[in-house]
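Visitor: Can you keep this structure in mind? I'll have questions shortly.
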Amino acid sequence: MKQLSLPALTGLAHGVSDAVAGFLVVQVLMLNFLPTVDYILLYNALAFGLQPVAGLVLDTFNVPRRAAAVGLLLSALSLTLTWSSLTWGILLAGLGSAIFHAGGGSTALTSTPGRAAGPGIFAAFGVIGLALGSQLAFYFSAITIIAFVLTLIILAAALWFFPVAPTISSTPDSIFSGMNIELLAFGLVLAVALRSFVWMGAQSGEAGYSQLALYIALAAGLGKLTGGFLADQFGWRTYAISAMALSTILLVFRREALWPLLTGIFFLQSVTPLSLAALGRLIPSSPALTASLVLGVGVLLGGLLLAFVSPSWLAGSLGIILVLFVSAGLYWFTLRFFREF
């Protein structure tokens, strides 16, 4: 259980960090007289696009946990600056998010080496925080800002001074010799991107800012939280293919019912922890880069795909089946080279 205390702390920080992001994005959207699209694009470009750069830097200097704390402090600063300079506020929010996700994801990954449990705990709280923060934006007050800032500062201090024993990173000995590691890594990131495409399509087609958004976020968060433990219990490849198959069936045949949608999203997002853990086994010397490729690049590619393909394309059964079939195939191809999984 001690191994899970640091992922739990980073997970809680992840929830608050993403809550701030949701809060700021919705606040910007509510300012109709501003070029809101430009600000949203700027935030996403920084928050997701800069993650690999942050990951490379953090791996070079080996300071993921304290970098995550710095990311939280930048998010706190962004809240205080947004109302006097929206541009600087968005810039710092995006930069803080990129640094935090790379550092926090790396910390959770190395805290439970070779396991998906830690990444699952870290990832679970983000989507829930994003939904809650988006809802809080409609009840803006100075108290909300102060509460966010103080919470971010406290969590940053907790991460900075958290007593951590040295951990042994996972090694790539589970990969068959001679296999192209770059090809497997690319396949995993692409599988994540395709899942993100379906996830974002489901959100845009169903949720908006209604109460359903919170239900969807809770289903996704619970999926990520339990998915890591289930993947470790039953094996990454077995769980990935099973979860993808169940998700496809539920999302395709859900009709207008709510519970198949939520259960389908549960299984769809439950594959995220093993994606992080598997990529961490492929490139064990770069855990921050690993986190950024899954949490940043994979999500960004899914969003870019959604920008070119209408979400309505996923409303039909064939669209979901094709996308998730390819994603599941990529998981099958990449994970079969892990001997113990």
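Visitor: Residues with amide H under 5 Å of PHE338's amide H, sequence separation 5 or more or different chain, H placed in the peptide plane at 1.01 Å from N; which?
Guide: Close amide H contacts, sequence-distant or interchain: none at all.
Visitor: Putting +1 on Lys and Arg Cβ atoms and -1 on Asp and Glu Cβ atoms, find which of VAL198, GLY114, VAL252 reaches farthest to the positive end of the dipole of the chain.
Guide: Selected residue: GLY114.
Visitor: Using only Cα atoms, figure out Rg for region 2-161 and give it as a multiple of 2.2 N^0.38 Å. List each step's numbers first, then the result.
Guide: Details: Rg = 15.0 Å, N = 160, 2.2 N^0.38 = 15.1 Å.
My calculation over the Cα atoms of region 2-161 gives 0.99.
Visitor: Same structure, new question: Could you grab the relative contact order for region 249-341? Cα pairs under 8 Å, six or more apart, rounded to a whole percent.
Guide: Values: 31 pairs, mean separation 22.9, N = 93.
Rounded, it is 25 percent for region 249-341.
Visitor: Dividing the Cα radius of gyration by the Kirkwood radius, what Rg/Rh value follows for region 10-58? Mind showing how you got there, number by number?
Guide: On the way: Rg = 12.9 Å, Rh = 12.1 Å.
Ratio of gyration radius to Kirkwood radius: 1.07.
A short reminder: the numbers here are calculations on the coordinates, not readings from a lab. Computed from a prediction, not measured in an experiment: that's the story for all the values here. Here the Cβ is made from the backbone with ideal geometry for all residues, glycine too, and neighbour counts use every protein chain on show.
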